[in-house]
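Q: This is the structure I want to talk about, given as structure tokens.
FYI, it's all coordinate maths here, none of it is from the lab. Keep in mind the model is a prediction, meaning the values are calculated, not measured. All Cβ positions, even for glycine, are placed from backbone atoms using ideal geometry, and neighbour counts span all protein chains on display.
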Amino acid sequence: MVLLAMVDIGVLSDYDDFSARILARRGTANSFIIEKLRMGELTPQMLNIDPATGSVVVVDVRTGAVLAAVSYPSYDINKLANSIDTEYFFQINGDDPTRPMINHPFMESLAPGSTFKMITAAAGLETGAITSTTRIHDGVVFTRAGSPAARCMSSHGSINVVQTISTSCNYFFFETAMRLGSSQLQRIDALNDFMAFFGLNERTGVEIGEFADRYDRETTPNIMASPVYKEFVHLRRNPLALQNQRGWFDGDTIRTAIGQAYNNTSLAMMARYIAQIANNGVRLPLHLVDTVRNHTGEIIYQTISVPNYTGMVLLNNTWEILHQGMLQATEGWGTATSHFRGFPIQVAGKTGTAEQVGTRLSHTSFGGFAPFCDPQITVYVTVPFAQPD
């Protein structure tokens, strides 16, 4: 009845005899709602559904070209062209909690969660903190980094690094982070080196504004999870913050190691990092503009993809382990296996969840590249507040 009423008052169209199909019960209420969601006549926000936003970035692994960047929800540009609909402008800029005018793929910043974990695995393997054969028993509750204790949801048993990437075992990464140095600062410094290598401390290179542009790098030299960034965050909130509030502790390090704590990245940054894994370390700046031509058709500018190296070279075995862990995440017993069962192309991927607000669901993300044996594209998608812990 509600759907029929919405058709009657013009909120929904009667396309394809929608009303008649409802009355004839040729479908369920859910199927009718999903149909209108797909058509864009209904939005999650209209249905009071949380999540109500999402974004996707697709990158050409070989060139760094952004093939697609989707920000949902969108807005009606026609109401802002020529004469501006003032009421609509204020609605989408102030009253709408989904912030449709925010370019979510480039400007929104969130904790990535477990899609970050390949960085911790690389740091552990390259520093010798772990090897390909190291097995760590998942004790569920990790107490070595102080209180409150961090934890896994349940025990994964005794597993190696490939298995822990595929099953997303928190405990393994907590322990790996603690082995990265003999002191609190050594541990996070080692992890920060690899975070910087994967581009989490700089802009991606796209020709429009992005998350990293918000910061004055003279006053905020680090935008990745680090002692400097934590201090900056706390002093910005409270200039009188005490040392025990803004100091760095092992609890911060182990939570950084699983993509939480002070991790704050854009979708585009994560897409570039996944592309770098696919490329065995070759990091290409992202770009939206391929060529610019003048009125005669002559090319006056063309983007040339030049790798952006940081001086660090990882062992071939490290890349093989990361790739195998991500492949097993979509095959075998991995966290994304059910979604890729029967998929015609081999995909290497990683799922992620990250809690931000205790009263809402966790953010959910997926990053991957395909085809596995000849990587061509990277896809990274995030739906905030979408998955239970």
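Q: Compute the projected area of the convex hull of the Cα atoms of segment 75-157, averaged over all viewing directions, and report it in nm² to one decimal place.
A: On the way: hull surface 39.7 nm².
About 9.9 nm², averaged over all directions.
Q: Let me ask something additional. Give me a comma-separated list of calculated 3J(HN,Hα) values for segment 69-80, in order, Karplus coefficients 6.51, -1.76, 1.60 applied at θ = phi - 60°, integers in Hz, x for any Gly or Pro.
A: Residue by residue, segment 69-80 yields 8, 10, 10, 10, x, 9, 8, 8, 5, 5, 7, 10 Hz.
Q: Ordered by packing density, taken as the mean number of other Cβ atoms within 10 Å over each peptide's residues, highest first, how do 271-284, 78-91 rank?
A: 271-284, 78-91
Q: If you average the alpha carbon positions of segment 178-241 and of segment 8-71, how far apart do those two centres end up, in angstrom?
A: Measuring centre to centre over Cα atoms gives 37 Å.
Q: Return the loop-located GluC sites (Glu not before Pro) in segment 119-215 (DSSP other than H, G, I, E, B) with at most 14 other Cβ atoms within 10 Å of their own Cβ; answer none if there are none. Don't skip to the end; give the middle numbers.
A: Details: sites: Glu126, Glu175, Glu202, Glu207, Glu210; in loops: Glu202, Glu207, Glu210.
Within segment 119-215, the qualifying GluC sites (Glu not before Pro) (loop, at most 14 other Cβ atoms within 10 Å) are Glu207.
Q: Percent antiparallel among DSSP beta bridges with both residues in the chain, to the nearest 5?
A: On the way: 36 of 37 bridges.
Among the beta bridges of the chain, antiparallel pairing accounts for roughly 95 percent.
Q: Suppose a student asked you for the relative contact order of the chain, using Cα pairs under 8 Å spaced at least 6 residues apart; what percent would you report? Please list the in-between numbers first.
A: On the way: 716 pairs, mean separation 79.1, N = 389.
Taking the mean separation of contacting Cα pairs over the length of the chain, I get 20 percent.
Q: Going by C-beta contacts inside 10 Å, put Asp8, Asp252 in order with the fewest on the left.
A: Working: Asp8 11, Asp252 23.
The fewest-first ordering by Cβ neighbours comes to Asp8, Asp252.
Q: I'd like to compare 212-224, 186-198: which one has the highest average count of other Cβ atoms within 10 Å, and what's the full order after that? Don't skip to the end; give the middle numbers.
A: Values: 212-224: 14.3, 186-198: 21.1.
Per-residue Cβ counts within 10 Å, averaged per peptide and sorted highest first, yield 186-198, 212-224.
Q: Give me Cys152, Cys169, Cys373 sorted ascending by neighbouring Cβ count inside 10 Å, so fewest comes first. Present the calculation step by step, with values, prior to reporting the outcome.
A: Numbers: Cys152 20, Cys169 25, Cys373 10.
Neighbour counts put them in this order, fewest first: Cys373, Cys152, Cys169.
Q: Whole-Hz ³J(HN,Hα) for each residue in segment 119-129, computed from phi via Karplus 6.51 cos²θ - 1.76 cosθ + 1.60 with θ = phi - 60°, x for glycine and proline: what do you get?
A: 5, 5, 4, 4, 4, x, 5, 6, 8, x, 5
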